[in-house]
Each structure stands twice: as C-alpha cells, then as structure tokens.
Amino acid sequence: MADSSTAVVHHTGHPDVTKRDFLKLITGASAAIGTAAVAWAFIDYMNPAKDVLALSSVEVDLTPIVAGQGITVLWQGKPIFVRHRTEKEIKEAEDVRMSQLIEPQPDSQRVKPGHAQWIVLIGICTHLGCVPLGNKPTDPRGDWGGWFCPCHGSQYDTSGRVRHGPAPANLGLPPYAFESDTKVKLG
Ligand code: FES
C-alpha cells in the first residue's frame, strides 16, 4: 500500500508552515482524511482567513493508518500528528518514570481513555516551531521512537513528550474526540 503519511520539514527553520507545505502535506495525507480537509486546502489557497473560520473541525478516518504509522493532517493551520501506536510503543510510553521527563506528564493524560493506541498531537516543535519527523516509516524517530526535530535535534517519545532538548516542552495536544473507534474529530 502506498504510504499515506506526510511530514513537512522546514529547511529554513522558519516557524510558519508555508502554503506550499500545506498543499504537499494535504496531498500526502488525503487518502486518510475526510473530504472537508481536502476542500479546505484548495479553498484556503485562494482565501485563507474566511475558510479557516468556516472549517473549524476536521474528521480523520483512522482506518488506513496501520499500527506503527502516523499521518499528518491540517487543522486550523496547524499540522496535527495522528499515530497508531503499537503495543510496544504504548508500553514504553506508559512505563517511563516521571523523573526521567523534562516536562513530566503520564501517558494516560495524553491519550483518550480506551484509545491508548492513538496519540494525537500538535506537530510543532516546542523549541522554534519546526515540524518534527517521525510519521513516515523511513523518517528518523530519535532515540525514544517518537519524533525527531531536524532543525536543532530535539527528540520526542511515543507520547509526544520531549526527551531531549533544546525543546523545553512536550508536543501540544489539540482538542479532539472519538466519534467512533475509527473516526476522530479535531476541534
Ligand atoms: S525547532 Fe529547534 S529543535 Fe525543533
């Protein structure tokens, strides 16, 4: 199956995701996301402000995301990581001692009850705003198996918690809810 994951690298280190990056990202992720998000990309290209407001939520179909893989979708101008964690990744995230964390937070507070296999994160490095790598199978994921920021080397674990700086904080959590076991609504 073709890889539907997408990650955006900011070669310039500029914190904002460019429109070209948006389109690239949407193209890669379209197999796994709802039509609303795809429509958003093309409408937004012409008239951003109005349509960011109009589409304040995005539905994500989880069915195509196999265990161990993640995708990036756009929600309100932000890249959102949705990863299907393996049993091993969940256990690693749950077993970490809080004293080992830069910003201590239990994994249970970063996932929805009963859906520990899914981690949903704002894919913006908390250092200077690059988009970390780690969703494609070929991406570097860092020493903790989560995400690696190519700009200055920060690393995040499979819960999106920062494990190696210079990033000072964990990846953020967007508002979202499960509409079913295979569908998440962002926003
Ligand atoms: S932006 Fe500096 S490490 Fe990510």
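Summary of computed values
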| read-out | value |
| --- | --- |
| Condition check for VAL66: among the aliphatic types (A, V, I, L, M) and assigned to a strand (DSSP E or B) | no |
| Tally, over segment 127-146, of residues that are buried (at least 21 other Cβ atoms within 10 Å of the Cβ) and near the ligand (Cβ under 10 Å from one of its atoms) | 3 |
| Pick from segment 73-91, criterion in a helix (DSSP H, G or I) and free of Cβ contacts under 8 Å to residues at least 40 places away in the same chain, ranking: farthest from the ligand (Cβ to nearest atom) | GLU87 |
| Selection within segment 156-176 - more than 19 Å from TRP118 (Cα to Cα), out of contact with any Leu (no Cβ under 8 Å at 6 or more places or on another chain) and surrounded by 18 or more Cβ atoms within 10 Å (Cβ to Cβ) | ALA167 |
| Scan of segment 147-166 for residues that are touching a Pro at 6+ places or on another chain (Cβ under 9 Å), on the phi < 0 side of the Ramachandran plot and within 13 Å of the ligand (Cβ to nearest atom), ordered by number | TRP147, PHE148, CYS149, PRO150, CYS151, HIS152, SER154, GLN155, TYR156, VAL162 |
| Per-region count, segment 92-108, residues in contact with a Ser or Thr (Cβ under 6 Å, 6 or more places away or on another chain) and without any contact (Cβ under 8 Å) to a residue 60 or more places away in the chain | 1 |
| Boolean, VAL111 is away from the ligand (no atom under 16 Å from the Cβ), touching a residue at least 24 places away in the same chain (Cβ under 8 Å) and outside any loop (DSSP other than H, G, I, E, B) | no |
| Residue that is farthest from the chain's Cα centre (by Cα) [pool: residues in segment 114-126 that are assigned to a strand (DSSP E or B) and more than 16 Å from the ligand (Cβ to nearest atom)] | TRP118 |
| Yes/no for TYR176 being within 16 Å of the ligand (Cβ to nearest atom), modelled with pLDDT of 95 or more, within 14 Å of the chain's Cα centre (by Cα) and of a type in the set (Ser, Thr, Tyr) | no |
| Qualifying positions in segment 63-92 - more than 23 Å from GLY187 (Cβ to Cβ) and in contact with a Phe, Trp or Tyr (Cβ under 9 Å, 6 or more places away or on another chain) | GLU92 |
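Results for (1) closer than 17 Å to GLU94 by Cα; (2) hydroxyl-bearing (Ser, Thr, Tyr); (3) in contact (Cβ under 8 Å) with a residue 60 or more places away in the chain, shown as yes or no for each residue.
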residue: PRO140; (1), (2), (3): no, no, no
residue: TYR156; (1), (2), (3): yes, yes, no
residue: GLY165; (1), (2), (3): no, no, yes
residue: ASN170; (1), (2), (3): yes, no, yes
residue: THR182; (1), (2), (3): no, yes, yes
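The values are calculated or read from the model by the stated rules, or taken from the named source; none is laboratory data. Small disclaimer: the values here were computed from a predicted structure and weren't measured. Please note: Cβ atoms are built from the backbone with ideal geometry, for glycine as well, and neighbour counts cover all protein chains shown.
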